[in-house]
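Everything below concerns the one structure shown next.
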Amino acid sequence: MKTKGPEVVVVVNPTKVDLADVREVLQDAATAAGVEAPTLVETTEDDPGFGQTREAVRDGAGLVCALGGDGTVRAVAQELVGTGVALGLLPGGTGNLLARNLGLPVDSLAEAAAAAFSGQDRTIDVGWLVVDPDESQRAGDLRTGADNVHCFTVMAGLGFDAQIMNDAPEGVKDKAGWAAYVASGGTHLKDDPFAVDLVVDGRTAAAGQARTVVVGNCGELTGGMVLLPDAEVDDGRLDVATVSPESLTEWIGVASRVLAERGDGPSLQRDRGRDLTVRVDPPQLCEVDGDVLTEAGWLRFAVQSACLVVRVGRDSA
């Protein structure tokens with residue numbers, strides 16, 4: 001299967017890979033798939049992939065691959081929403097969470113490139129996080145181009161979830177992988193809880209004290225843990241987990257429940273819907289697909305159905 005557009009563009013984070021090795025592997029994979037050699041475009045500190053992807057689409061690329069961490073994937077995906085141009089997923093970071101949730105290769109660049117260059121297309125949903133929405137955004141105007149609106153393909157969260165992302169050093173993540181988040185999490189187990197009001201599709205779903213709220217388009221976390229077992233990337237819904245342990249013992253109970261993929265229980269409530277509003281006091285740090293944003297007291301999460309084309313392996317379609 002040849003790429004639909006005139007060329008393949010790979011948006012690559014040069015801090016995550018050896019570019020010379022990457023070029024060689026991708027050239028071999030392109031030759032085997034019968035497509036043009038990909039054009040590599042590097043991300044920068046100022047632009048993690050948004051502008052590079054917009055330019056690739058304007059120039060007529062039929063496939064834009066993200067090669068970097070989950071942040072690179074998020075940036076490329078956000079710009080491909082609604083374009084019909086396929087997203088290819090090449091492993092290069094700590095999590096590779098969207099690829100994991102789609103059953104794509106995450107340990108071999110050559111295998112991932114083969115899936116991207118000669119696989120099939122699958123259409124999935126994305127989620128949007130609106131940080132401290134204004135009056136019109138609270139009333140339903142999503143305004144995806146606004147500065148306070150951020151796409152996520154996997155998960156977004158606030159509180160403990162965002163804190164561990166914020167405190168896991170890049171150098172440690174590069175060496176220790178997902179274990180860096182475990183170390184970071186240990187320092188925040190005793191953080192103060194916050195007041196939360198969660199409204200799902202117009203109904204109150206949770207109210208009280210919480211440590212973290214996680215909203216997912218997918219269910220699998222770093223390390224293979226499944227926090228949201230009912231989440232599917234193409235079901236037109238977002239799944240949400242409200243986690244509210246009051247002690248270390250209850251934290252252990254939550255972890256055990258997640259590892260065993262059991263249902264709700266003490267300190268863990270799950271729900272799902274198309275449009276979610278979370279109000280917290282005091283304001284909490286929030287993140288999307290591992291990219292830490294800012295503190296916010298009011299957040300809106302909304303799903304956009306069947307809007308992103310992803311190139312998957314034939315066994316994953």
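I need a count of the residues in the range 140-167 that are open to solvent by less than 10 Å² (accessible area, probe 1.4 Å) and either on the phi > 0 side of the Ramachandran plot or without any contact (Cβ under 8 Å) to a residue 12 or more places away in the chain (or both).
The total comes to 1.
Where the second residue is part of a helix (DSSP H, G or I) and the first is among the polar types (S, T, N, Q) and lies in the range 41-70, which pairs have Cβ atoms under 6 Å and are six or more apart or on separate chains?
What qualifies is T53/V76; T53/E79.
Please enumerate the residues belonging to the range 283-316 that are in contact with a Phe, Trp or Tyr (Cβ under 6 Å, 6 or more places away or on another chain) and either surrounded by fewer than 18 Cβ atoms within 10 Å (Cβ to Cβ) or among the small types (G, A, S) (or both).
A302
Cβ-Cβ distance below 8 Å, separation of 6 or more or different chains: which pairs start in the range 80-99 with a residue that is closer than 19 Å to D121 by Cβ and end on one that is polar (S, T, N, Q) and assigned to a strand (DSSP E or B)?
Qualifying pairs under 8 Å: V81/Q304.
Across the range 267-317, which residue is modelled with the highest pLDDT among those that are out of contact with any strand residue (DSSP E or B) (no Cβ under 6 Å at 6 or more places or on another chain) and assigned to a loop (DSSP other than H, G, I, E, B)?
G290
Looking at E7, E45, can you tell me which residue is at pLDDT below 95 and under 24 Å from the mean Cα position of the chain (by Cα)?
Working: E7 fails: under 24 Å from the mean Cα position of the chain (by Cα).
Answer to the check: E45.
Select from the range 201-219 the residues that are in contact with a strand residue (DSSP E or B) (Cβ under 6 Å, 6 or more places away or on another chain) and either assigned to a strand (DSSP E or B) or more than 25 Å from D234 (Cα to Cα) (or both) and list them in ascending order.
Within the range 201-219, the first condition is being in contact with a strand residue (DSSP E or B) (Cβ under 6 Å, 6 or more places away or on another chain), and the residues that meet it are 201, 205-207, 210-217, 219.
Within the range 201-219, A205, A206, A207, A210, R211, T212, V213, V214, V215, G216 meet the criteria.
Out of all the residues in the range 204-229, which are open to solvent by 30 Å² or more (accessible area, probe 1.4 Å), among the small types (G, A, S) and under 20 Å from the mean Cα position of the chain (by Cα)?
G223, G224
Among G92, G88, G71, which is modelled with pLDDT of 95 or more and either within 22 Å of the chain's Cα centre (by Cα) or not aromatic (F, W, Y) (or both)? Give the derivation first.
Details: G92 fails: modelled with pLDDT of 95 or more; G71 fails: modelled with pLDDT of 95 or more.
Only one candidate qualifies: G88.
Suppose the filter is closer than 18 Å to S118 by Cβ and either touching a residue at least 12 places away in the same chain (Cβ under 8 Å) or buried (at least 22 other Cβ atoms within 10 Å of the Cβ) (or both); does V10 pass it?
Details: closer than 18 Å to S118 by Cβ: yes; either touching a residue at least 12 places away in the same chain (Cβ under 8 Å) or buried (at least 22 other Cβ atoms within 10 Å of the Cβ) (or both): yes.
Yes; evaluated as a whole, the condition is true for this residue.
If you go through the range 84-139, how many residues are under 18 Å from G49 (Cβ atoms) and either polar (S, T, N, Q) or open to solvent by 40 Å² or more (accessible area, probe 1.4 Å) (or both)?
2
Given the conditions (1) at pLDDT 90 or above; (2) surrounded by 15 or more Cβ atoms within 10 Å (Cβ to Cβ); (3) over 24 Å from the mean Cα position of the chain (by Cα), which single one is not true for G34?
(2)
The values are calculated or read from the model by the stated rules, or taken from the named source; none is laboratory data. All figures in this text were calculated on a predicted structure; none of them were measured in a lab. Neighbour counts are summed over all protein chains in view; Cβ atoms, including those assigned to glycine, are modelled from backbone coordinates with ideal geometry. Areas reflect the complete protein model, heavy atoms only, side chains present, ligands, DNA and RNA absent. Shrake-Rupley method; radii C 1.70, N 1.55, O 1.52, S 1.80 Å.
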